[in-house]
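To start, the structure itself, in structure tokens.
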Amino acid sequence: MALLTNFENLEQKLSDAVDTPEWKQLQSMFNDAEVVYMIGNGGNMAVASHGAADATRLTDKKVFCLDSQSHLTSIANDHGYDNIFEKWLDSYADMDRQTLVIGFSGSGNSANVLGGLYWADDHGFDTTIISGVPSTRKTKSINEVCFHNDYFHAHEILSVMSFYELIHGTGNKCPTIAAENDRKYGAVGAKHV
């Protein structure tokens, strides 16, 4: 049975992106960063949150995402939705650490994601936007990895795949499901209590 959803040949798109100078720059920035902030909207916020959790768990980096609903809505109420990431970074960014800010935006033009990246760039942090189509609004100093997508869902899935590629690019590995089962529950047939 044929799939009903077009997933745009995701592995090939990621492979093509990893071969670009922009990806190599992102991997270098990620490898050098002590602290990483990930930002995005909607599905890309979920990607940023999941990426922050696993990158922190699987590397020696401190990786953060604005995934507190209370904090996010407080900033949006006080300063406007377009300013949420800029205001969050202004409050939380560690100015004394090697820092990278990664923005996820299917359109490449999300005002609040770009606002956070502009703020980070102005404060000397490394910056990259991972986009579905080329951004028409970013400044030249912000690195861009573009997947050239037709659909937002394909961009979001590629964004998830991209942070695992970054983790592996640091020399760290993601555990297999079998290895995690053995670690958590013991050998096959062992009773778990």
Exercise. For Ser162, indicate whether it is under 14 Å from the mean Cα position of the chain (by Cα), under 19 Å from Gly103 (Cα atoms) and among the hydroxyl-bearing types (Ser, Thr, Tyr).
Key: yes
Quiz item: Which residues, counting only those in region 46-62, are within 17 Å of Leu89 (Cβ to Cβ), open to solvent by less than 30 Å² (accessible area, probe 1.4 Å) and touching a Cys at 6+ places or on another chain (Cβ under 8 Å)?
Solution: Ala48, Gly51, Ala52
Quiz prompt | Those residues of region 75-114 which are touching a helix residue (DSSP H, G or I) at 6+ places or on another chain (Cβ under 6 Å) and of a type in the set (D, E, K, R), in sequence order | solution = Asp82, Glu86, Lys87
Quiz item: Is there a residue being crowded, with 21+ Cβ neighbours inside 10 Å and more than 24 Å from Phe7 (Cβ to Cβ) anywhere in region 130-147?
Solution: yes
Quiz prompt | Residue list for region 1-32, restricted to those being open to solvent by less than 60 Å² (accessible area, probe 1.4 Å) and aliphatic (A, V, I, L, M) | solution = Leu10, Leu14, Ala17, Val18, Leu26, Met29
Quiz prompt | Number of the exception - Tyr118 against (1) assigned to a helix (DSSP H, G or I); (2) closer than 17 Å to Val63 by Cα; (3) of a type in the set (Ser, Thr, Tyr) | solution = (2)
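One line per residue, one yes/no per condition, for (1) free of Cβ contacts under 8 Å to residues at least 40 places away in the same chain; (2) more than 20 Å from Leu166 (Cα to Cα); (3) of a type outside the set (Phe, Trp, Tyr):
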site	(1), (2), (3)
Leu10	no, no, yes
Lys24	yes, no, yes
Ser28	yes, no, yes
Asp32	no, no, yes
Val36	no, no, yes
Cys65	yes, no, yes
Ser70	yes, yes, yes
Phe85	no, yes, no
Quiz item: Of all residues in region 93-126, how many are touching a residue at least 40 places away in the same chain (Cβ under 8 Å) and of a type in the set (Ser, Thr, Tyr)?
Solution: 3
Practice problem: Report, by residue number, each residue of region 65-84 that is surrounded by 16 or more Cβ atoms within 10 Å (Cβ to Cβ) and either closer than 13 Å to Phe104 by Cβ or touching a Ser or Thr at 6+ places or on another chain (Cβ under 8 Å) (or both). | Solution: Cys65, Leu66
Quiz item: Before we move on, is Ser15 of a type outside the set (A, V, I, L, M), at pLDDT below 95 and within 18 Å of the chain's Cα centre (by Cα)?
Solution: no
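The values are calculated or read from the model by the stated rules, or taken from the named source; none is laboratory data. Bear in mind that the values here come from a model prediction, so they are computed numbers and not experimental data. A quick note on method: Cβ atoms are made from the backbone with ideal geometry, for glycine too, and the neighbour counts reach across all protein chains shown. For accessibility, only protein heavy atoms count, side chains too; no ligands or nucleic acids. Shrake-Rupley method; radii C 1.70, N 1.55, O 1.52, S 1.80 Å.
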